[in-house]
Amino acid sequence: MKNYTNVTEIPGQRATNDQLSTMMTRYHLAKKYAKNKDVLEIACGSGTGLGYIGEVATSVVGGDIDESLVNIATANYSGDNKIHIQQLDAQHLPFADNSFDLVILFEALYYIPDVAQFISESRRVLRPNGKIIIATVNNEWHGFNPSPFSKKYYTAEELLAMYNQEFQSKLYLGFEDLPKGSNFLISFVRRSAVALGLIPKTMKGKELLKRFFYGKLTPIPNVIYDGLGKVEKLIPFDPNNELHKKNYKQLYLIVDTEK
């Protein structure tokens, strides 16, 4: 089994303002739908967002396939009766049907070998009128760089098609990144590094590169909190707008199951 700690954000790692903003934006979105709900986060990593969601949720279960990450999250929430951590496989969820009101999967869809099985399982464990929220990098973005453990990345249209045959889905974009303006040099260097395969494969290696370009970094806390980073305003995806596909870093899919 792969060790995902090298490609996962964990407490103590130092992050850029943009990185913290990305974390806050996806969990802020989930928190809007989590009030008085039973929530499951699949591929929760080190669990930095579980406590944030737990501020409003009835209960939160966080699960990950990597035992090392599960251990970090377990230690972090020891004694918290609202938050439960366990090791799990997104393709074979160890829960009964209709167990949750909200299922979230952030920055991990591209690691799952059998996405169709994940889709089936995520629907199965949801109660009637449950929701699924998926956040993932936009692989059509001009600065896209794949993770070394990735299986497949999905375009905006492919992401929408995953659930739209049966349920109503909405797709949003975040973090516009124009290849011009004050960030032109950094954007140009990044694109060149991606093209040449020079982007580090581990979070530690990326941290060193970020310090060089961005200067002072902020340590990632055990649990994220309001004010840690800016919450990005999301916009609806327009499939006819080619700039949407190229100039936005992140995709956010919200599925209303209404079973």
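The values are calculated or read from the model by the stated rules, or taken from the named source; none is laboratory data. This structure is a prediction, so every number in the text was calculated from the model and none was measured. Reconstructed Cβ throughout: ideal geometry from the backbone, glycine too, with neighbour counts over all protein chains shown. Protein only, heavy atoms only, side chains kept; ligands, DNA and RNA dropped before computing areas. Shrake-Rupley method; radii C 1.70, N 1.55, O 1.52, S 1.80 Å.
General remarks:
- Residues (loosely packed, with under 13 Cβ neighbours inside 10 Å and either at pLDDT 95 or above or closer than 21 Å to Leu126 by Cβ (or both)) located in segment 76-93: His92
- Unmet criterion (only one of (1) in contact (Cβ under 8 Å) with a residue 60 or more places away in the chain; (2) over 21 Å from Asp101 (Cβ atoms)) for Ala43: (2)
- Selection count where residues are modelled with pLDDT of 95 or more, of a type in the set (A, V, I, L, M) and in a loop (DSSP other than H, G, I, E, B), scope segment 212-254: 6
One line per residue, one yes/no per condition, for (1) of a type in the set (Phe, Trp, Tyr); (2) more than 27 Å from Asp66 (Cβ to Cβ); (3) touching a Leu at 6+ places or on another chain (Cβ under 6 Å):
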{"site": "Arg123", "(1), (2), (3)": "no, no, no"}
{"site": "Trp141", "(1), (2), (3)": "yes, no, no"}
{"site": "Asn145", "(1), (2), (3)": "no, no, no"}
{"site": "Glu157", "(1), (2), (3)": "no, yes, no"}
{"site": "Lys170", "(1), (2), (3)": "no, yes, no"}
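Residues are listed down the side, and each one gets a yes or a no for (1) not in a strand (DSSP E or B); (2) not hydroxyl-bearing (Ser, Thr, Tyr):
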{"position": "Thr22", "(1), (2)": "yes, no"}
{"position": "Cys44", "(1), (2)": "yes, yes"}
{"position": "Ile72", "(1), (2)": "yes, yes"}
{"position": "Asn98", "(1), (2)": "yes, yes"}
{"position": "Leu105", "(1), (2)": "no, yes"}
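- Looking only at residues of segment 12-47 that are at pLDDT below 95 and not hydroxyl-bearing (Ser, Thr, Tyr), we find that the one that is most open to solvent (accessible area, probe 1.4 Å) is Asn17.
- Of the set (1) modelled with pLDDT under 55; (2) open to solvent by less than 60 Å² (accessible area, probe 1.4 Å); (3) within 22 Å of the chain's Cα centre (by Cα), all apply to Leu209 but (2).
- All positions within segment 120-138 that are open to solvent by 40 Å² or more (accessible area, probe 1.4 Å) and in contact with a helix residue (DSSP H, G or I) (Cβ under 9 Å, 6 or more places away or on another chain): Arg123, Lys131
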